[in-house]
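A.B. asks: After the structure tokens below, expect a handful of questions from me.
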Ligand SMILES: [Fe+2]
Ligand SMILES: [Fe+2]
Ligand SMILES: [Fe+2]
């Protein structure tokens with residue numbers, strides 16, 4: 001194809017997106033669109049998969065059967081989210097095995113929040129309330145993104161997320177209405193998860209490299225700073241309701257903007273974690289790699305079994 | 001031997017009276033496992049009463065680049081629509 005032909009195809013393509021038409025996998029698309037989507041959708045999928053690890057840590061130690069059933073169901077949902085997203089990503093012409101390789105080799109990124117440890121039961125409350133809360137804010141606008149398979153996966157994901165956040169908030173509420181020790185535990189969890197949750201919504205707009213192109217393609221509909229403000233404004237009253245203190249001395253309601261002003265985020269910490277130096281980066285990837293490697297004989301056996309059954313079917317047919 | 005599990009497309013009927021609809025895809029070693037995995041991945045909240053799985057490699061899809069040849073011939077066949085035919089206003093129930 002000549003450069004001119006490509007240019008006119010690109011114009012038609014951008015116009016389709018501007019008209020709110022969806023792009024489907026077999027449609028012509030600019031190489032950059034394909035690459036950007038592979039990167040974003042796979043990062044999202046990896047985050048769901050690695051995100052199971054900090055919570056999986058508490059399933060066997062949940063304080064009651066009710067909590068255990070809920071946590072198990074939530075973690076299972078996250079596995080499902082990862083699978084919806086991997087399959088959406090594969091429609092762009094990359095195989096599942098390549099995607100796993102990128103995660104396991106450290107080439108691909110996942111949300112930095114999952115590199116923090118879950119030290120107490122209250123962390124299950126804080127994670128559901130704050131981390132899933134921030135995830136919802138990130139994900140809802142993506143239900144209208146331009147790439148059809150991603151948008152459809154996000155609709156399914158968003159339907160399932162609200163139970164995640166509610167079960168987390170319920171854990172916090174129970175602890176806050178309990179003994180002094182329990183309430184302290186909830187406060188401690190909020191102290192540790194608050195700032196990482198704000199960072200989870202991404203670097204400030206000034207630092208964010210992909211925003212403009214992503215806005216055009218509807219991979220992003222609001223800027224990171226807007227999403228962060230939305231998260232803070234909706235979460236502060238919830239913390240008040242719990243009787244917990246947000247660990248930010250500069251946080252205060254601004255009558256003029258109708259929003260909360262907040263303190264400075266430690267972006268050095270964020271970049272340290274993104275670059276692999278967070279408290280649990282190594283632990284997370286090695287747990288993931290071990291799960292994959294240790295499952296290898298099961299995958300082989302299943303394929304051998306499938307081949308045998310197929311051979312038997314053919315024999316009977318003859 | 002290539003030991004990567006093949007890809008399957010999943011179709012779910014959400015309730016009787018409705019058609020099966022494409023829900024997504026998944027990897028599984030064989031058709032029985034594909035069906036079981038589809039149950040776990042796509043119907044955790046009563047989303048369906050029936051599931052079909054089809055190996056993705058068995059699907060032949062049309063190419064959007066050929067949409068012109070495929071679909072445009074239908075556009076100029078206005079006589080396939082009821083509004084093409086003139087009937088006097090006095091005629092009722094038609
Ligand atoms: Fe999720
Ligand atoms: Fe998510
Ligand atoms: Fe979630």
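A.B. asks: State all residues of the range A:247-260 that are closer than 17 Å to residue A:190 by Cα and crowded, with 18+ Cβ neighbours inside 10 Å; if no residue qualifies, say none.
C.D. replies: First pass over the range A:247-260, keeping only residues closer than 17 Å to residue A:190 by Cα: A:247-251.
Listed by number, the list holds a single entry, A:248.
A.B. asks: Which of the following residues is closer than 14 Å to residue B:11 by Cα and free of Cβ contacts under 8 Å to residues at least 24 places away in the same chain: B:22, B:66?
C.D. replies: Selected residue: B:22, the only one of B:22, B:66 that is closer than 14 Å to residue B:11 by Cα and free of Cβ contacts under 8 Å to residues at least 24 places away in the same chain.
A.B. asks: Out of everything in the range B:41-78 that is over 21 Å from the mean Cα position of the chain (by Cα) and at the interface with another protein chain (Cβ under 10 Å from one of its Cβ atoms), what residue ends up being farthest from residue A:81 (Cα to Cα)?
C.D. replies: Here the residue is B:45.
A.B. asks: Another question, then. Give me the residue from the range A:100-143 that is free of Cβ contacts under 8 Å to residues at least 40 places away in the same chain and either more than 14 Å from ligand 1 (Cβ to nearest atom) or within 18 Å of residue A:281 (Cβ to Cβ) (or both) and, out of that set, farthest from the other protein chains (Cβ to nearest Cβ).
C.D. replies: Out of the qualifying residues, it is A:107.
A.B. asks: Consider residue B:18 against the criteria (1) over 30 Å from residue A:308 (Cα atoms); (2) surrounded by 12 or more Cβ atoms within 10 Å (Cβ to Cβ); (3) modelled with pLDDT under 95: it satisfies all of them except one. Which criterion is unmet?
C.D. replies: Residue B:18 satisfies every listed condition except (3).
A.B. asks: Here's a follow-up. May I ask you to verify whether residue A:153 is in a helix (DSSP H, G or I) and touching a strand residue (DSSP E or B) at 6+ places or on another chain (Cβ under 8 Å)?
C.D. replies: So residue A:153 fits the description; yes.
A.B. asks: Conditions: (1) surrounded by fewer than 21 Cβ atoms within 10 Å (Cβ to Cβ); (2) at pLDDT 90 or above. Residue A:201 meets all but one. Number of the miss?
C.D. replies: Of (1) surrounded by fewer than 21 Cβ atoms within 10 Å (Cβ to Cβ); (2) at pLDDT 90 or above, only one is false for residue A:201: (1).
A.B. asks: Hey, another quick one. Just to be sure, is residue B:31 surrounded by 14 or more Cβ atoms within 10 Å (Cβ to Cβ) and either free of Cβ contacts under 8 Å to residues at least 60 places away in the same chain or farther than 23 Å from residue A:26 by Cβ (or both)? Working first, answer last.
C.D. replies: Working: surrounded by 14 or more Cβ atoms within 10 Å (Cβ to Cβ): yes; either free of Cβ contacts under 8 Å to residues at least 60 places away in the same chain or farther than 23 Å from residue A:26 by Cβ (or both): yes.
Here the answer is yes, as residue B:31 does meet what is asked.
A.B. asks: Check the range A:91-99 and report whether any residue there is assigned to a helix (DSSP H, G or I), surrounded by fewer than 18 Cβ atoms within 10 Å (Cβ to Cβ) and within 14 Å of ligand 3 (Cβ to nearest atom). Walk me through it before giving the result.
C.D. replies: Initially, the range A:91-99 is screened for residues assigned to a helix (DSSP H, G or I), giving A:96-99.
Subset that is surrounded by fewer than 18 Cβ atoms within 10 Å (Cβ to Cβ): A:97-98.
Still in the running and within 14 Å of ligand 3 (Cβ to nearest atom): none.
No, every residue in the range A:91-99 fails to be assigned to a helix (DSSP H, G or I), surrounded by fewer than 18 Cβ atoms within 10 Å (Cβ to Cβ) and within 14 Å of ligand 3 (Cβ to nearest atom).
A.B. asks: Another question about this same structure. Is it true that residue A:23 is in contact with a helix residue (DSSP H, G or I) (Cβ under 8 Å, 6 or more places away or on another chain), modelled with pLDDT of 95 or more and within 14 Å of chain B (Cβ to nearest Cβ)? It would help to see each step written out before you state the result.
C.D. replies: Values: in contact with a helix residue (DSSP H, G or I) (Cβ under 8 Å, 6 or more places away or on another chain): yes; modelled with pLDDT of 95 or more: yes; within 14 Å of chain B (Cβ to nearest Cβ): yes.
Yes.
The values are calculated or read from the model by the stated rules, or taken from the named source; none is laboratory data. Quick caveat, the model's predicted, so the values are computed rather than measured. Quick reminder, even Gly has a Cβ in these numbers, built from the backbone with ideal geometry, and neighbours come from all protein chains shown.
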